[in-house]
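One structure is given here, and the rest of the page talks about it.
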Amino acid sequence: MTQPSNEKRKLTVERLASPAIAHSLERSQIAKYHTKGGHGFTAEDANHLADVFHGKRAEIVGMNNEVNGAERIVNGLRIQSKYYQTAAKTVASAFASDSGLYRYAQLVLEVPKDQYDACVELMRKRIAAGKVPGFENPADAEKLIHKGTVTYKQAKNIARAGNIDSLVFDAKSQAVTSSYVLAISFTITFAHDFWHSRRIGDAAKSAANRSFLASGTALVTGVISAQVLRSRAAAVGVASVRRGVKNVTRSSIGRSAVQRLATGSLGRAVYGAAAVNHVSKLLRTNAVAATVATVATAGPDFYKAAFDRSISWKQFTKNVSVNGFGIAAGSAGWLGGSAIGAAVGSALPVVGTAAGGIAGGLLGAFGIGTAGSATAKAVADKAVDDDSQAMLRLMQDEVQSLAFEYMLSEPEIETLAKRVAATVTPDWLRQVYKEVNGLSDDETTRRCLRNALRPEFETLAKARPRVTLPTESELSSFLSDITNAANDKQPESSSNDC
């Protein structure tokens, strides 16, 4: 007797959470948040996120480091973000120190929300003084000043970990990524379960449960990972990883691999030091996200082991090990898949590098993550039995013992097997484990299993036809018939002639 088949073929769509989160974080500017002036980068990301939530066509383009170029483009409007402590410093930063002229031709200046009115007034004075080429009317100052969605203080808070503003920002930004994980997980799980059950309702219910779990895991993983990446320790981690990546690029094969990884992640060709820096941050972020995801997925099992006592600590350790290996494999699959997908996409004009990288990453994360988890489970099973397997062995003994005690017929045994298969689920086994408080005492476990199974045997016994013993006269008649039949079968004695 084994666990139900649906447990064996359960999809591990949660493996998508970690690499998807790492991918989204590295496409932001979070690696610069801890630097001096990092609040300027958080302001760009926060304002960009607000525009996305409002359905605008928004893109961050400042990472190309173009001199006096736009940092964001929103519905065709080219924007340069400036966030300083005072309105005077914010406006002054947009003017050249030598000539005093406005540095950003054809661009508007995005300023802190709380400094907007003061910045407009200061820009009017600059226009009146002839410091803004192409503008002569001070009333046009409002055309040059764009109000940001966050204040200066909020931008500074978002750059640091452990405060309400940064937590809210992370929750909002990771909600976008987790919604992608939800949609992808629902599609994969629905298709998988429908192919096995052919029942749309059951497949949809299972897909909804699994996709919401994967999405929730992604949200929690994303928020915690983003908070960790704001720390100085994360910056030190990048420096350590960068040394290893540089060593890899000393060979032509390693250099090509690093460039492909960077291209697959960013969706555009990257070479040299830029590729090394990006891959270093990408590996660091994947390691952080994978660790956080492993801890997050271990939460329910920790509760079952520490408080509910429905699984053993041995089972908890095994589950965490298998999950951790699967998540790590999923991250590796995403990196490898995105590199291959980007290469294929770049060769196909209809697909493109960015789309190819994302598609390859998803396939790699799901395929390699699932294979890695299955491999880890197979290895772990050889070393450590599941709680359920130990329970099942004891249960089989008790079923055989009860079947003998109740003198079950062959048809009754077939009926019993169907009923037990429907009753004995992983949840049922965990509940029995909880009631006996572990497997340390086999006799207690056997007694509990016997008590739990006995109702099934009682039901079968009650369904039997009522037995009525024969009367004395009927019994005497039966015995006479048996005696007569025996006499009739006796061979006649033959005489021997001497």
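The values are calculated or read from the model by the stated rules, or taken from the named source; none is laboratory data. Just so we're clear, the structure is a prediction, and the values are computed from it rather than from any experiment. Virtual Cβ from ideal backbone geometry, glycine too; neighbours counted across all protein chains shown. For accessibility, only protein heavy atoms count, side chains too; no ligands or nucleic acids. Shrake-Rupley method; radii C 1.70, N 1.55, O 1.52, S 1.80 Å.
Is the stretch 20-60 rounded, prolate or oblate when judged by the Cα gyration tensor, a ≥ b ≥ c being the square roots of its eigenvalues, rounded requiring a/c under 1.5 and prolate requiring a/b larger than b/c? Mind dumping the intermediate values first?
Values: a/c = 3.01, a/b = 1.34, b/c = 2.25.
In terms of gyration-tensor shape, oblate.
Averaged per residue, what accessible surface does the stretch 49-117 expose to a 1.4 Å probe, in Å²?
On a per-residue basis, 53 Å².
Among 147/172; 172/246; 32/172; 172/205, which pairs are too far apart, with a Cα-Cα distance over 30 Å? Please list the in-between numbers first.
Numbers: 147/172 20 Å; 172/246 35 Å; 32/172 19 Å; 172/205 27 Å.
Correct reply: 172/246.
Only sites in a loop by DSSP and with at most 15 other Cβ atoms within 10 Å count here; which GluC sites (Glu not before Pro) in the stretch 47-112 make the cut? Before the final figure, lay out each step's value.
Numbers: sites: 59, 66, 71, 110; in loops: 66, 71.
When the GluC sites (Glu not before Pro) of the stretch 47-112 are filtered for loop state and at most 15 Cβ neighbours within 10 Å, 66 remain.
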Work out, step by step, the length gained on full extension between residue 36 and residue 57: first 0.36 nm times the residue separation, then minus their alpha carbon distance; give nm to one decimal.
4.6 nm
Give me, ordered by chain and number, the residues 5 or more places off residue 146 or on other chains with an amide H under 5 Å from its own placed amide H.
109, 110, 111
Formal net charge of residues neighbouring residue 102 (Cβ-Cβ distance under 10 Å; K, R +1; D, E -1)
+3
Enumerate by residue number the trypsin sites (Lys or Arg not before Pro) in the stretch 188-258 meeting two conditions: DSSP loop (anything except H, G, I, E, B), and at most 11 other Cβ atoms within 10 Å of the site's Cβ.
198, 250
Distant-in-sequence amide H partners of residue 84 (H built 1.01 Å from N, under 5 Å)
90
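Using a 1.4 Å probe on the protein chains only, how many percent of the accessible area of the stretch 98-179 belongs to carbon and sulfur? Mind showing how you got there, number by number?
Values: 2190 of 4230 Å².
Roughly 52 percent, rounded to a whole number.
Quick check on my link table: of 56/143; 36/113; 304/418, which ones sit more than 24 Å apart, alpha carbon to alpha carbon? List each step's numbers first, then the result.
Numbers: 56/143 19 Å; 36/113 21 Å; 304/418 29 Å.
304/418, as the Cα separations exceed 24 Å there.
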Residue 247 versus residue 101: modelled label distance in nm, points set 7 Å from Cα along the beta carbon direction
5.2
Shape verdict for the stretch 210-259, please, from the Cα gyration tensor: rounded (a/c under 1.5), prolate (a/b greater than b/c) or oblate.
oblate
Going through the stretch 120-187, which GluC sites (Glu not before Pro) have at most 15 other Cβ atoms within 10 Å and a DSSP loop state?
136
Unit-weight point scatterers at every alpha-carbon of the stretch 155-250, Debye formula, q = 0.14 1/Å: log10 I(q)/I(0) is -0.70
